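A short write-up of the structure that comes next.
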Amino acid sequence: MVSLTVYDGANGIGGNKIFVEDQGRGVFLDFGMNFSKNSAYYEEFLKPRPSRGIHDLLLLNFIPRLNIYRPDLVPADIAVDQFPSLNICAALISHAHMDHMGYMGLLNEAIPVIGSCTTLALMKAMQDTQNQVFGSDVTYCTFKSRSGEEGFTLESKRDAPYVGRALYSMTEPCAGLVDFLNMRPTAPSSRKKFNPPPIQCLSCGTLPFEISAYPVDHSIYGATAFIIEGTKTIAYTGDFRVHGKHADQTREFASRARGADVLITEGTRARRDDAENAGGEACPTNSVSEQTVYETCRAVVDESPAIVIADFSARNIERLEMFLDIAQKSGRSLVATAKDAYILQTLNRVEPVARLEEILVYDALKAEKKSAWEELAVASGGRLIGHREISSAPESYVVCFSFYDMNHLLDISPDGGDYIYSSCEAFSEEMVIDFQRLWEWLKFFGMRVHGLEMVREPYGVKPKTVKGFHASGHASREDLEEIITQIEPKVIIPVHTTGHQWFADTFEEVRVVQEGERLEL
Ligand SMILES: [Zn+2]
Ligand SMILES: [Zn+2]
């Protein structure tokens, strides 16, 4: 018998945690962090306490009440063995966005992760740069132990080694990926041991069902849709779109998934007014293609007599490649942060991406020594460039900075310039404040702003994106309809959406599931 339980992601955008079981054994499809649940309780200065392990997340229902977690993350006051356990063979990660893999690191360490080579590489790069939330230590982790008399708190010993989790790639892992996964994330002088994650190609017979992965177009490289063939055929889209450069890949998946018994599909843009409350990188209202974004941004760079700042999502390397192309065509150089450069060189190990040697890496002023990953980011790519060089000829550069890099602009000290906001974020209340701050910074430097405007509303000013500077990572309603119609599944389960009504109005086979509801197929 086949059953399916959507533990999270059934009624909101992101946080997908879907369990598919066939004859007593199963796999998780993603194990992400639900941004809306998280931001309902937490903010930058109030976060779940890592020292309490899974305690805070479990009590607030951010993660399901199951006995499936790393034992070292269970404090003494959580009786985890009272919860049902699941027979989990593996977790399939569709792509390296937090709302799909952000809590994967909490799952029992014996559970291997399956993903595309690119996704596995990106997940390690993100860990190496220490850009993570509690629970996103997917490829390696340090085990904690109970501390204090009662064992309610957990700590990790300073010299405790990093231990890798078993990884399965969907295609034969290339030598570059294996080398990267084997690379210590710490400085050579560190005494911390590193037991790298074992990696192998997922082959027939590893799991009780057949799993095929298909690359799909999305706003991050490595995004994958899965088809699971056991007693029933289940197709899972992950996040996808049909208006980017790799639309043909999404269509190829649709043709392979044709006639599936069940289609679990994302529906981020199924409800058009979701810009207000969507988590992650949702941008439901525009229908702009990557080509339009290229042309709109190119026009700004071409006409700018001064520095251009390009602000886009850190993991959207496709957008970075676009700005590299625009910069070069307009006779400028592209300056990226060390973090961008590290992610680029990581991707380059798996598949050739932008010409690293043509990108300049911003040498931020800092008192402490460069960390291991920062050294590597510079060593493997283009040369370093400091604030003085940029301020002596600001019109020669396109600099990839975001709100969090505004302090560096105080060193560069531009006199006017053009700021391109090429991203789409959900404007939660907290973020509205950040955008108001960003606005002040841009006013301070006399920047012309493109892609973002401040609109006066009865209760103050609100940021709004301007059409043409960003293309969504998600399929429009029309594209969702086309792809789903092409697949013609017997049952459609919408996830990663609040647009269930649109699904129900458009298709006959829709089955809306509640969070945690077990569906027998
Ligand atoms: Zn997502
Ligand atoms: Zn995504």
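The values are calculated or read from the model by the stated rules, or taken from the named source; none is laboratory data. Source: prediction; values computed, not measured. Because the Cβ atoms are built from the backbone with ideal geometry, glycine has one as well, and the counts that use them run over all protein chains shown. To get the accessible areas, we keep the full protein, side chains included, count just its heavy atoms, and leave off ligands, DNA and RNA. Shrake-Rupley method; radii C 1.70, N 1.55, O 1.52, S 1.80 Å.
The figures follow:
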{"read-out": "First in the stretch 232-244 and more than 15 Å from ligand 2 (Cβ to nearest atom), second anywhere and of a type in the set (Phe, Trp, Tyr) and part of a strand (DSSP E or B), Cβ under 9 Å, 6 or more apart", "value": "Ile234/Phe226; Ala235/Phe226"}
{"read-out": "Selection count, the stretch 494-512, where residues are within 16 Å of ligand 1 (Cβ to nearest atom) and not aliphatic (A, V, I, L, M)", "value": "5"}
{"read-out": "Residue satisfying condition, being among the hydrophobic types (A, V, I, L, M, F, W, C) and either in contact (Cβ under 8 Å) with a residue 60 or more places away in the chain or open to solvent by less than 80 Å² (accessible area, probe 1.4 Å) (or both), within set Phe444, Phe469", "value": "Phe469"}
{"read-out": "Test: residue in the stretch 143-152 that is within 16 Å of ligand 2 (Cβ to nearest atom) and over 19 Å from Phe28 (Cβ atoms)", "value": "no"}
{"read-out": "Unmet criterion (only one of (1) open to solvent by 30 Å² or more (accessible area, probe 1.4 Å); (2) in contact (Cβ under 8 Å) with a residue 24 or more places away in the chain; (3) over 23 Å from His474 (Cβ atoms)) for Asn11", "value": "(3)"}
{"read-out": "Residues satisfying the stated conditions in the stretch 329-346, i.e. among the acidic types (Asp, Glu) and more than 15 Å from the chain's Cα centre (by Cα)", "value": "none"}
{"read-out": "Top-ranked residue in the stretch 108-135 [being assigned to a loop (DSSP other than H, G, I, E, B) and polar (S, T, N, Q); ranked as surrounded by the most Cβ atoms within 10 Å (Cβ to Cβ)]", "value": "Ser116"}
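So that you can scan it fast, the table gives a plain yes or no per residue for (1) open to solvent by 40 Å² or more (accessible area, probe 1.4 Å); (2) aliphatic (A, V, I, L, M):
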residue: Asn316; (1), (2): no, no
residue: Val335; (1), (2): no, yes
residue: Tyr342; (1), (2): no, no
residue: Arg349; (1), (2): yes, no
residue: Val353; (1), (2): no, yes
residue: Ile359; (1), (2): no, yes
